[in-house]
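Below is one structure, written out as structure tokens, with a few remarks after it.
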């Protein structure tokens, strides 16, 4: 993707963690940003920081709300369309993570509503705003492909998001669609998954950003990628 100061990205869940780290990196490159998060004050603080470097539209709300998704699409249209959509928002579910036989089914429905159904809803809402060379990145997890005890609910939702992404890519070969495992990160969500444990040995989310930037800038084939693998080697998994 050629350097262009008017490139625009929509990043959900951008008030902290990976979303904010990526937003800062794109702002430094001159991308315009549309960002959202559930926490209004945290989002306003993030937007104030980002606005020092680029044009930012911050829309507080939850991606489960159709009206919120519509507001994000309106913001995208007002900015002239989208070069990238990063579906980063999501929820962990119960903390600590319960085994499946003890998993509250109402909470499992909510995890799937946020991590799967609303991700597709976000793409549907902004589809008409996507530029011909747009990139779509759905943030998934190794829990979507590995059987970790205690991660059945979250992992199942990420596995569903990966399959949804793969089918979306097959149905829309004119777009670049990536489903990306960011790797272990020192984030609030990761801490919630391990309450009371020291996770200071995990990499900061900034270490996953270079891999995402490669996907946004290059012409990689549709598929699944590991962000930290790309960041370290510049090559997809197994190469």
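Here, each number is a calculation from the coordinates, and none is a lab measurement. These figures come from a predicted structure and were not determined experimentally.
DSSP beta bridges confined to the range 8-233 are antiparallel in about 0 percent of cases.
P(r) for the range 38-155, from all Cα pairs and a bin width of 5 Å, is 2, 10, 17, 20, 18, 14, 10, 7, 3, 0 %, short bins first.
Between 101, 212, 161, the GNM of the chain built on Cα springs shorter than 10 angstrom shows 101 fluctuating the most. Could you point to the label whose value was computed as Rg and Dmax of the Cα atoms in Å for the structure here, given (1) 16.1, 46; (2) 20.5, 65; (3) 16.8, 51? It is the value labelled (3).
Relative to the longest principal axis of the Cα atoms of the chain, the long axis of helix 152-171 lies at roughly 40 degrees.
For the range 123-172 versus the range 1-60, the spacing of their alpha-carbon centroids is 21 Å.
Here the Kirkwood formula, the inverse mean of 1/r across different C-alpha pairs, assigns the range 1-97 a hydrodynamic radius of 13.4 Å. Its DSSP H runs of at least 4 residues, each contributing -39,500 (n - 2.57), put the calculated 222 nm mean residue ellipticity of the chain at -12000 deg cm²/dmol, to the nearest 500.
Helix 17-28 and the longest principal axis of the C-alpha atoms of the chain enclose an angle of approximately 20°. Full extension of the segment from residue 99 to residue 120, taken as 0.36 nm per residue of separation minus the current Cα-Cα distance, would add 4.9 nm. Between 13, 93, 196, which gets the highest mean-square fluctuation from a Gaussian network model of the chain, Cα cutoff 10 Å? Largest GNM mean-square fluctuation: 196. I'd like the orientation of helix 66-78 relative to the chain: the angle between its Cα long axis and the longest Cα principal axis, in ° from 0 to 90, rounded to 10. So the inclination is approximately 30 degrees.
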